[in-house]
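**Q** The structure follows.
The values are calculated or read from the model by the stated rules, or taken from the named source; none is laboratory data. Source: prediction; values computed, not measured. We place every Cβ from the backbone using ideal geometry, glycine too, and count neighbours over all the protein chains shown. Ligands, DNA and RNA are excluded from the accessible area calculation, which covers all protein heavy atoms including side chains. Shrake-Rupley method; radii C 1.70, N 1.55, O 1.52, S 1.80 Å.
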Amino acid sequence: MKRTVPMVIAAVTGFVLIVSYFIPLTEEWGSIAMQWFNVLAAIAFVLGGSNLMRMNLQKISDRRPGWGYAAVTLIAFLVTLCVGLLKVGVQPTESFPTNAWAAPYNQEGSFLWWLYEYMYKPLQATMFALLAFFIASAAFRAFRAKNPESIALLATAFIVLMGRTYVGGLMRDVLPASLEWLSFDSMTNYIMSVFNLAGMRAITIGIALGVASTSLKVLLGVDRSYLGAGDE
Amino acid sequence: MYEFLKNLDRRWIFLLILLAVAIPILGEWQFPEKPSPMVQSVFDAIENLPAGSDIWMAYDYDPGSQGELHPMALAFTRQCAFKRHKMYFMTLWPQGPPMIQKNIELLIKEFPDLEYGVDYVNLGYRPGYEGPIKLAVIDLRKTIAADVDGKSLDDLPMTRDFKNIQEVDLIVNVSAGYPGTKEWVLYASTSYNIPTVAGCTGVQAPYLYPYVPQQLDGLLGAIKGAAEYEFLLLEAYPSLRENPKAQEALRRMGPQLLAHLVLIGLIVAGNVIYFVGRSRGDV
Amino acid sequence: MQSLIVAHGVADFRSEISDLRLLISDLRSQISALWLGLVVGLVLCGSDHLAVAQEPPRSVVDVTATDHPNDVGTTIDVSWTLSPDDDLNIESPVVSAYHVLRKQDGDVDFVKIGEVPSQTETFTDQGVQRKRAYRYQVVTVGPGGESTPVETNETVTPIMEWFRTDRGWLAVIVLVICGAVVAFIAIAKSGRELYIRKIPGLEAVDEAVGRATEMGRACLFVPGIQDINDIQTVAGITVLSRVASLTAEYGARLEVPTARSLVMTTARETVEASYLAEGRPDAYREDDIYYLTDEQFGYVAAVTGTMTREKPAACFYMGAFFAESLILAETGNAVGAIQVAGTAQPSQLPFFVAACDYTLIGEEFFAASAYLSGEPVQLGSLRGQDVGKLLVAALLLIGCGAATWVEVNSSPTAVSVMTYLQNNVLGSGGFLP
Amino acid sequence: MQRETLIWTAVMVLGGLVLLVHAVRVGNGRVYVREVTVADVKSGPVVHYKGVPPSLHNEADVSLSVPRTIGMWIAALCTLGIMSFVLGDNPLYKLMESIFVGVSAGYLMVAAFWDEIVQNLLKGLVPGPMRDSFLPGLEEGLNPDLTYLAPLAMSVMMLWRLSPKGAWIARWPLAFFIGATAGFRLVSYLEADFTQQINNTILPLIVYTADKSFDVWGTIRNVLIVGGVLLGLVYFFFSVPHRGVVGGLARGGVWLLMITFGASFGYTVMGRIALLADRLQFLFDDWLWLIDPTMQRVGM
């Protein structure tokens, strides 16, 4: 019961949606299901949020190492949630000057906007920017000419790195017209539009097949690990 | 020296990269660009449309990828404004609206003669990943009934008779990931043959190349693509030369050069260590 | 120069005559006929005035309306031939737009339903109802005013189709690939052993868990940052169930931070089931599978922080990854963990390949979920996927062969094979050429 | 270890001092706003504050914003705090990490509430009350869209998990959505990534130029693309061992994949550097006022 019913639900939904794709009348069902999912995912925040709070509260009450940071997380979370849900500091807009509730929740000047602009945004962008450092350390460590395959990796990366800078274009001016293809930027364009294209296409086709067969396994109930335990 | 490099602390590499990026920024280095054919084709796709065409500006990025994508988004907006195209801004990213807002502010400031609701409209954020695309290509009002301020689309001159995205002449997508270019290609460009150009982050570009030129008319890859684009825009509209904000990407190419050279140096150093180590029997 | 203008005028005159014929047939547009008389008069008086273009533009020709194919019967396509004045070579535009008007059978007046810019020859009307008959008119509009309307000859009634014929071949392809997968799963079920080549990196999963146990440190499993409605996350969860079985068996600790509430709940179900199946339900710790934040980088900040503090001995990255891939993999490398990654996110593969010990590339990742389940039935699906690859090869051989043939001596047979393949089989042309 | 701590402390203190001197001398990091009255209602004018470049600080309706100036300094601290992670784990990073998790989880939940629950679910189910409260822009007299009862019911089943009994009922909606995704993605992937990609690969293997002479480069290019796609697929082939001819072809596939990965890696570097450049520009320009590439502070 605990596994069979959901399995049937998954199978029926999936096959109906496959067929519906080919019938004009039901074509949109897939999109509607996706829309419903978003509602569900939004409400599921209750599960995630309550878990986050419970975990951090537990850390604080157990006085586990680093409980101070747990308290910071909890306060940051609750403050953001409250000012956002109550639209603190949001001013009415021109269209509805008497109803502040109609104004966007992230309006410039509101509390939530302040949190977004001066905390969320710099934190997010800087975390992303750390990649500049990591990409360098990864290249230093991993790009070593150990075998022919890694030489191919290395050489391509080298050409493209050069080709994507000002230097790559400079070579085009120096080289005679007949040898222009030897400049780094021409080679980069060639690699991108031939080798990279072929490689990415093979990967993409493979993935499409992988997605199709994995989906089918889910629908047929062959793969049911997502359903958890319980009697059949 | 070999011993030092072999057990090199990553932090030295990090310091090098930091300097390689910081010095050109502080020194304000800038280089001229050579537009590649791909960038040219994106530029032409917008430039060759008759003035007043409808352009769907799908700006799917957030502050995290602003460094890579914002300059090209602004360049697209400027070009469309110069060509007097009608712009419909929309984002599928929850943190996209502030990005669109910056484009709108640009229009207000640099093109005061364009009017909101007549020449451009901000349709804001639509949740639902690719869902809104699929609905909006069939019937816009199923997913968007009002603009970002809650004004009904029927009250805005440019959207009053607008049925769906199939009516636009071009989709311009700036995307930092999912949902983004791929979804626009799959559900709009491919299904309904709507011409589409895109600008994306460096990491996405290689994997979007297979869609060019059949499903995508052109692709701008990250800041280099944006720099070349800005260069073309400066050539076509020399009045922009007075505007330092229109050369954001060109300025970003300074750090690129030095950082790329540092990276190449690091790869070479890594290999030297590897070969020296191998000859000494360390590896 | 003068003679050229005269010639132009004569040509215009001829086309006006044909317009005239069209209009006379329509008794209701008497006013328009008057207009036309004026225009004809002007043409006869002096063709120079035409270039000034302060007169209304000429009408379009041949307005037709047809039911839009493959829809639910709410759309009609209207098309026409451009007005002769709608010419890009004319300096000052004579035509600015076309107005489309519609009349439902039984109504008296035409109502404007849409407007398209000059140089457009089609309009899609999506506001019609099934089983009603409609007529259309198209009016050319310019700075000089409106032309006489041109009407469709017949009424058109939108109908609903029951099958999207343009997706007919897609249906066949879906059937072939799904059929192959199902068939091989059935063969595997019947007990016949199917050869599947070894996938490098899969043994690494067992090895990594073993090492973590030896070192007395945890295993970290990252199921990507997409929600459960991404098929990669589902495949990642399948791999998780295998990893959880191993940690249960060896008694290693398993930590699963998630970026989505629903992935957290699903992962808990899966891990609990694995511990139960291994007979170690007591060792299952629900709190080790926890939600952090939906924010990509907030999640990464917390996961990398955990990594540097707890120094897991094995890290698994299985699911949909974006920019965070390299931050995770480099941090994992810095703390000395064995790292196994699997993703179908093509853009992130290079980083996992560079920074991890083993990477399952694209399709291999999906194969891994079948492989690791240890069930022979699941392996059957891999054979099915191979049928798909053979199909690609066959289609490419035929297509490229035909394309080459066309290029060499443009044989009509090759042209028809190629266009049928590209537009019908792989395009949206339907079954019939 | 102690020596390292000492060095770091010294660096920090020194850096802090330099910053202080700089801040006193230049007055950097200030944010100015302009007062904009958007409407005048009974309760008084509705005023919005819009950020403006510091160069406009002398204009009449422009004033210094204290909260935003504090914000600017906090943003700089956040940037430095996260960047400090490359030096290793440290208290500042831990603090930033905790704040980040809390603020971002909260922010996304707020966004989900307003954008999804209010804009979709509640607007669909109770359009009348929504029009009177959060969404005055709605048309009058909209009828409730009862299809939204379905996701609502499924959400309730989902939240059943929080109750001590019958948590398994939460699997039903999950199964529905996993099944839906599987069905939906199966077809759309095969349409776009399978048939379309094959279609794009159908190329003539011999190419002539417009004047009917043999095009060597065009030919090589097409052969490489078609051959490359096939080689790549051979690598992914599961039912044949990678030995002999197949092994050789698969090795070719590996080569191709390596070239692809090398190209992608090299191509991405640029994007990542741009992100760091963006952050550094924020620090140098908006916060420290060391450079002024966009002429925000002309005349200051």
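**Q** Keeping to the stretch C:120-163, report how many residues are of a type outside the set (A, V, I, L, M), in a loop (DSSP other than H, G, I, E, B) and open to solvent by less than 30 Å² (accessible area, probe 1.4 Å).
**A** Residues flagged as of a type outside the set (A, V, I, L, M), in a loop (DSSP other than H, G, I, E, B) and open to solvent by less than 30 Å² (accessible area, probe 1.4 Å) within the stretch C:120-163 amount to 5.
**Q** Got at least one residue in the stretch B:90-102 being crowded, with 23+ Cβ neighbours inside 10 Å, over 20 Å from D:Q119 (Cα atoms) and of a type in the set (S, T, N, Q)?
**A** The answer is no, given that none of the residues of the stretch B:90-102 is crowded, with 23+ Cβ neighbours inside 10 Å, over 20 Å from D:Q119 (Cα atoms) and of a type in the set (S, T, N, Q).
**Q** If a residue has to be under 30 Å from B:A222 (Cα atoms) and open to solvent by less than 10 Å² (accessible area, probe 1.4 Å) to count, how many in the stretch C:305-322 make the cut?
**A** Qualifying residue count for the region: 7.
**Q** Filter the stretch C:99-119 for residues that are assigned to a strand (DSSP E or B), open to solvent by 60 Å² or more (accessible area, probe 1.4 Å) and modelled with pLDDT under 85 and give the result.
**A** Hits for the stretch C:99-119 are C:E115, C:P117.
**Q** Let me ask something else. Out of the residues in the stretch C:343-359 that are closer than 14 Å to D:F265 by Cβ and of a type in the set (S, T, Y), state the one that is nearest to the other protein chains (Cβ to nearest Cβ).
**A** Going through the qualifying residues, I end up with C:S347.
**Q** Residues that are surrounded by fewer than 19 Cβ atoms within 10 Å (Cβ to Cβ) and closer than 22 Å to B:N173 by Cβ: does the stretch B:72-82 have at least one?
**A** Yes, the stretch B:72-82 contains a residue that is surrounded by fewer than 19 Cβ atoms within 10 Å (Cβ to Cβ) and closer than 22 Å to B:N173 by Cβ.
**Q** Considering the stretch D:163-180 alone, what residues qualify as being open to solvent by 30 Å² or more (accessible area, probe 1.4 Å) and either facing chain A (nearest Cβ under 7 Å) or polar (S, T, N, Q) (or both)?
**A** Once the filter is applied, which keeps residues that are open to solvent by 30 Å² or more (accessible area, probe 1.4 Å) and either facing chain A (nearest Cβ under 7 Å) or polar (S, T, N, Q) (or both), the stretch D:163-180 yields D:S163, D:W168, D:W172, D:F176.
**Q** Working carefully through the options D:V229, D:V207, D:V234, find the one that is within 28 Å of C:D386 (Cα to Cα) and either over 32 Å from the mean Cα position of the chain (by Cα) or among the polar types (S, T, N, Q) (or both).
**A** D:V234
**Q** When you go through C:G191, C:G224 one by one, which is the residue that is in contact with a helix residue (DSSP H, G or I) (Cβ under 9 Å, 6 or more places away or on another chain) and within 12 Å of another protein chain (Cβ to nearest Cβ)?
**A** Selected residue: C:G224, the only one of C:G191, C:G224 that is in contact with a helix residue (DSSP H, G or I) (Cβ under 9 Å, 6 or more places away or on another chain) and within 12 Å of another protein chain (Cβ to nearest Cβ).
**Q** Sticking with this one: If I go through the stretch C:330-384 residue by residue, how many of them are open to solvent by 20 Å² or more (accessible area, probe 1.4 Å) and farther than 25 Å from C:V300 by Cα?
**A** 8
**Q** Next question, about the same structure. Test A:T214 against the criterion of being without any contact (Cβ under 8 Å) to a residue 40 or more places away in the chain, under 30 Å from D:V234 (Cβ atoms) and facing chain D (nearest Cβ under 9 Å), and give yes or no.
**A** yes
**Q** Count, please, the residues in the stretch B:189-246 that happen to be over 17 Å from A:M200 (Cβ atoms), of a type in the set (A, V, I, L, M) and either in a helix (DSSP H, G or I) or in contact with a Ser or Thr (Cβ under 6 Å, 6 or more places away or on another chain) (or both).
**A** Residues in the stretch B:189-246 being over 17 Å from A:M200 (Cβ atoms), of a type in the set (A, V, I, L, M) and either in a helix (DSSP H, G or I) or in contact with a Ser or Thr (Cβ under 6 Å, 6 or more places away or on another chain) (or both): 9 in total.
**Q** Among the residues of the stretch B:150-199 satisfying the criterion of being within 16 Å of B:H85 (Cβ to Cβ) and among the hydroxyl-bearing types (S, T, Y), which is surrounded by the most Cβ atoms within 10 Å (Cβ to Cβ)?
**A** Step by step, filter the stretch B:150-199, then rank; the result is B:T196.
**Q** Given (1) in contact with a Pro (Cβ under 6 Å, 6 or more places away or on another chain); (2) away from chain A (no Cβ under 11 Å), where does D:V207 come up short, assuming only one miss?
**A** (1)
**Q** Does C:A341 fit the bill of being of a type in the set (A, V, I, L, M) and closer than 23 Å to A:A152 by Cα?
**A** Judged against the criteria, C:A341 is a match.
**Q** So which helices (runs of 4 or more DSSP H) stay within the stretch B:11-129 end to end and still have 2 or more residues that are of a type outside the set (A, V, I, L, M) and within 12 Å of chain D (Cβ to nearest Cβ)?
**A** Those helices (runs of 4 or more DSSP H) span B:66-82, B:97-110.
**Q** If you go through the stretch C:360-377 one residue at a time, how many are more than 8 Å from chain A (Cβ to nearest Cβ) and small (G, A, S)?
**A** 2
**Q** Still on this structure, I have one more. Which of the residues spanning the stretch D:225-248 are open to solvent by 10 Å² or more (accessible area, probe 1.4 Å), at the interface with another protein chain (Cβ under 8 Å from one of its Cβ atoms) and not in a helix (DSSP H, G or I)?
**A** Those that are open to solvent by 10 Å² or more (accessible area, probe 1.4 Å), at the interface with another protein chain (Cβ under 8 Å from one of its Cβ atoms) and not in a helix (DSSP H, G or I): D:F237, D:S239, D:V240, D:P241, D:H242.
**Q** Of everything in the stretch D:85-123 that's of a type in the set (S, T, N, Q) and part of a helix (DSSP H, G or I), which residue is farthest from the other protein chains (Cβ to nearest Cβ)?
**A** This residue is D:Q119.
**Q** Can you tell me which residue is surrounded by the most Cβ atoms within 10 Å (Cβ to Cβ) among those in the stretch C:238-281 that are more than 9 Å from chain A (Cβ to nearest Cβ) and of a type in the set (K, R)?
**A** C:R253
**Q** Which count do you get for residues in the stretch D:124-144 that are within 14 Å of chain B (Cβ to nearest Cβ) and open to solvent by less than 60 Å² (accessible area, probe 1.4 Å)?
**A** Adding up the residues that qualify gives 9.
**Q** Determine whether the stretch C:222-237 contains at least one residue that is over 27 Å from D:W172 (Cα atoms), crowded, with 16+ Cβ neighbours inside 10 Å and assigned by TED's automatic domain parsing to the domain that holds C:L262.
**A** Looking through the stretch C:222-237, none of the residues is over 27 Å from D:W172 (Cα atoms), crowded, with 16+ Cβ neighbours inside 10 Å and assigned by TED's automatic domain parsing to the domain that holds C:L262.
**Q** Let me ask another. What residue, among those in the stretch D:258-300 that are more than 24 Å from B:G199 (Cα to Cα), in a helix (DSSP H, G or I) and free of Cβ contacts under 8 Å to residues at least 40 places away in the same chain, is farthest from the other protein chains (Cβ to nearest Cβ)?
**A** By that ranking, first place goes to D:D285.
**Q** Name, by its number, the condition in (1) closer than 24 Å to C:R260 by Cβ; (2) facing another protein chain (nearest Cβ under 7 Å) that does not hold for D:M157.
**A** (2)
**Q** Would you check if A:E149 is within 7 Å of another protein chain (Cβ to nearest Cβ) and surrounded by fewer than 18 Cβ atoms within 10 Å (Cβ to Cβ)?
**A** yes
**Q** Moving on. Consider C:A403 carefully, then state whether it is open to solvent by less than 10 Å² (accessible area, probe 1.4 Å) and in contact with a Leu (Cβ under 7 Å, 6 or more places away or on another chain).
**A** Criteria met by C:A403.
**Q** Return the residues of the stretch B:193-238 that are touching a residue at least 24 places away in the same chain (Cβ under 8 Å) and acidic (D, E); say none if nothing qualifies.
**A** B:D217, B:E228, B:E230
**Q** Let me ask something else about it. If we keep just the residues of the stretch C:71-98 that are in a strand (DSSP E or B) and closer than 30 Å to A:L25 by Cα, which is farthest from the other protein chains (Cβ to nearest Cβ)?
**A** Result: C:W80.
**Q** From the list A:L197, A:L179, A:L170, which residue is in a helix (DSSP H, G or I) and either at the interface with another protein chain (Cβ under 7 Å from one of its Cβ atoms) or buried (at least 19 other Cβ atoms within 10 Å of the Cβ) (or both)?
**A** A:L197
**Q** Of all residues in the stretch C:371-422, count the ones that are touching a residue at least 40 places away in the same chain (Cβ under 8 Å) and small (G, A, S).
**A** Number satisfying all stated conditions: 6.
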